[in-house]
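S.K.: Here it is, the structure in full.
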Amino acid sequence: MIKEYVRESLNELKTMYQAYNEAIIELARQNDKIVLLYADFPSDIAGEFFRKEYPSRIFDFGIAEANMITAAAGLAACGKIPFTHCHGIFAVGRAYNQIRQNVAFDMLNVKIVLCNSGMLWPFMGGSHQVIEDIAALRAIPNLMVMSPADAVETKRVVKAAVEHSGPVTLRLANPPTPIIYKDENYPFKVGKPTLLREGGDVTIFSTGMLVSESLLAANILSKEGIEAQVFDVHTIKPLDENTIIDAAKKTGAIVTVEDANIIGGLGGAVAEIVCENYPVPVKRVGVKDEFGQSGTVEELKQAYGLSAKHVAEAVKMVVKQKS
């Protein structure tokens, strides 16, 4: 059964960037410590409207992601709350050392926005589709990793990032994403997955823009007599162990769904907890350790096994293993 705060229809679309811009301007009006930095990234996405209202609080670093993170660390050390913006692949690939050494090691209050995160970025191909961000960043101590499911939740995680004193990464997807939540007044808590659908046969833990595919898969399965409970894992780190263990005990089978490499990603994190505490069959749906390619979002979902159909197939496999 779908929770009362979840939409039954997923036909309405909105980009996470639009919601992000709306949220960051509203928060900046309340807190003059917020500043924006971006490197080799479209200014309209990194703060077009913010620039009009606060031109002295947004900084362009050009193609210099590592410098941007270092500058953000300095600004945080001076009491500012910097939000950095660049393609996710270059935050992980070019600025990883700065994130680790200059931000996380010193517990500085920097918010790192991973723009165009995940596999489902249609036009740039494997060079820009970042599949390793979850695995790489969740291994850094002190660093919170958040991955909203839709535009509504994007606003919630941006607000949570401002309220959290310490380094945070936010994964934002590029394509317009189905709106899952009816409004912002749903039970959101940092570090605790949100229950979207109740069911007793299997548990689906999903993150990012594939949460909507997981809900669609649950609807498909329900018609076949399999009832799946579905969780939105908006906080990948810290990950709530109790929710995962309780789900393993309740349903006896788990499927994880993510738009990133299954090696070291959400699936790996969930499997670690399950294996150590309450072993049950686990199937990971995600990118199977391969680079991406250009294509439409739907083509990429089919090519890399990320659609609702693939999630449903994975569920049937673990339910069979359970029995």
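The values are calculated or read from the model by the stated rules, or taken from the named source; none is laboratory data. Predicted model, so just to flag it, every value in this text is computed and none were measured. We place every Cβ from the backbone using ideal geometry, glycine too, and count neighbours over all the protein chains shown.
S.K.: If you take the residues of the stretch 12-38 that are assigned to a loop (DSSP other than H, G, I, E, B) and modelled with pLDDT of 95 or more, which of them is farthest from the chain's Cα centre (by Cα)? Walk me through how you get there before you give the answer.
M.R.: Going residue by residue through the stretch 12-38, those that are assigned to a loop (DSSP other than H, G, I, E, B) are 12, 15, 31-33.
Still in the running and modelled with pLDDT of 95 or more: 12, 31-33.
Working: Glu12: 20, Asn31: 25, Asp32: 27, Lys33: 25 Å.
Here the answer is Asp32.
S.K.: Starting from residues that are buried (at least 22 other Cβ atoms within 10 Å of the Cβ) and touching a residue at least 60 places away in the same chain (Cβ under 8 Å), keep the ones in the stretch 191-205 and report whichever is nearest to the chain's Cα centre (by Cα).
M.R.: Top of the filtered list is Phe205.
S.K.: Residues in the stretch 237-260 that are more than 25 Å from Leu221 (Cα to Cα) and either of a type in the set (Lys, Arg) or surrounded by 24 or more Cβ atoms within 10 Å (Cβ to Cβ) (or both): how many? Give the derivation first.
M.R.: Our first condition is that a residue be more than 25 Å from Leu221 (Cα to Cα); within the stretch 237-260, this holds for 237-242.
With either of a type in the set (Lys, Arg) or surrounded by 24 or more Cβ atoms within 10 Å (Cβ to Cβ) (or both) added as a condition, the list becomes 237.
So the answer is 1.
S.K.: Also, I was wondering about something else. So which residues in the stretch 146-190 are surrounded by fewer than 17 Cβ atoms within 10 Å (Cβ to Cβ) and either in contact with a Cys (Cβ under 7 Å, 6 or more places away or on another chain) or of a type in the set (Gly, Ala, Ser) (or both), if there are any at all?
M.R.: Of everything in the stretch 146-190, those that are surrounded by fewer than 17 Cβ atoms within 10 Å (Cβ to Cβ) and either in contact with a Cys (Cβ under 7 Å, 6 or more places away or on another chain) or of a type in the set (Gly, Ala, Ser) (or both) turn out to be Ser165, Gly166.
S.K.: Got a number for residues in the stretch 78-96 being out of contact with any Cys (no Cβ under 9 Å at 6 or more places or on another chain) and not in a loop (DSSP other than H, G, I, E, B)?
M.R.: Applying the first criterion (out of contact with any Cys (no Cβ under 9 Å at 6 or more places or on another chain)) to the stretch 78-96 yields 78-84, 89-90, 92-93, 96.
In the following step, the residues that additionally are not in a loop (DSSP other than H, G, I, E, B) were identified as 81-84, 89-90, 92-93, 96.
Residues that pass the stated criteria total 9.
S.K.: Going through the stretch 123-153 one residue at a time, which ones are part of a helix (DSSP H, G or I) and touching an Asp or Glu at 6+ places or on another chain (Cβ under 9 Å)?
M.R.: First, the residues of the stretch 123-153 that are part of a helix (DSSP H, G or I): 125-127, 133-137, 151-153.
If the condition is that a residue be part of a helix (DSSP H, G or I) and touching an Asp or Glu at 6+ places or on another chain (Cβ under 9 Å), then Gly126, Ile134, Ala151, Val152, Glu153 are the ones that fit.
S.K.: Also, quick follow-up: Quick one: is Val274 under 17 Å from the mean Cα position of the chain (by Cα) and assigned to a helix (DSSP H, G or I)? Can you show your working first?
M.R.: On the way: under 17 Å from the mean Cα position of the chain (by Cα): no; assigned to a helix (DSSP H, G or I): yes.
No; evaluated as a whole, the condition is false for this residue.
S.K.: Here is a follow-up. So, in the stretch 83-118, how many residues would count as being buried (at least 24 other Cβ atoms within 10 Å of the Cβ) and over 25 Å from Phe291 (Cα atoms)?
M.R.: Total meeting the criteria: 5.
S.K.: Could I ask something else about it? Suppose we filter Thr243, Thr256, Thr251 for residues that are in contact with a Leu (Cβ under 7 Å, 6 or more places away or on another chain), more than 20 Å from Ile89 (Cα to Cα) and of a type outside the set (A, V, I, L, M, F, W, C); which single one remains? Reasoning before the result, please.
M.R.: Values: Thr243 fails: in contact with a Leu (Cβ under 7 Å, 6 or more places away or on another chain); Thr251 fails: in contact with a Leu (Cβ under 7 Å, 6 or more places away or on another chain).
Only one candidate qualifies: Thr256.
S.K.: Any residue at all in the stretch 39-47 that is at pLDDT 90 or above and touching a Pro at 6+ places or on another chain (Cβ under 6 Å)? Reasoning before the result, please.
M.R.: The initial filter retains those residues of the stretch 39-47 that are at pLDDT 90 or above, namely 39.
Then drop every residue that is not touching a Pro at 6+ places or on another chain (Cβ under 6 Å), which leaves none.
Within the stretch 39-47, not a single residue is at pLDDT 90 or above and touching a Pro at 6+ places or on another chain (Cβ under 6 Å).
S.K.: What are the pairs, 6+ residues apart or on separate chains, where a residue within the stretch 167-190 that is closer than 22 Å to Lys111 by Cα has its Cβ under 7 Å from a residue that is among the acidic types (Asp, Glu) and outside any loop (DSSP other than H, G, I, E, B)?
M.R.: That search, which allows pairs on different chains as well, returns Arg171/Asp133.
S.K.: For the stretch 56-77, which residues satisfy the criterion of being surrounded by fewer than 19 Cβ atoms within 10 Å (Cβ to Cβ), of a type outside the set (Val, Ile, Thr) and not in a helix (DSSP H, G or I)?
M.R.: Phe59, Asp60, Gly62, Ala64
S.K.: So, Val297, is that one modelled with pLDDT under 95, surrounded by 15 or more Cβ atoms within 10 Å (Cβ to Cβ) and among the β-branched types (Val, Ile, Thr) or not? Please lay out each step first, then the result.
M.R.: Working: modelled with pLDDT under 95: yes; surrounded by 15 or more Cβ atoms within 10 Å (Cβ to Cβ): yes; among the β-branched types (Val, Ile, Thr): yes.
Against the criterion (modelled with pLDDT under 95, surrounded by 15 or more Cβ atoms within 10 Å (Cβ to Cβ) and among the β-branched types (Val, Ile, Thr)), Val297 qualifies.
S.K.: Check whether at least one residue in the stretch 207-222 is in contact (Cβ under 8 Å) with a residue 24 or more places away in the chain, within 24 Å of Ile140 (Cα to Cα), touching a helix residue (DSSP H, G or I) at 6+ places or on another chain (Cβ under 9 Å) and outside any helix (DSSP H, G or I), and report yes or no.
M.R.: Yes.
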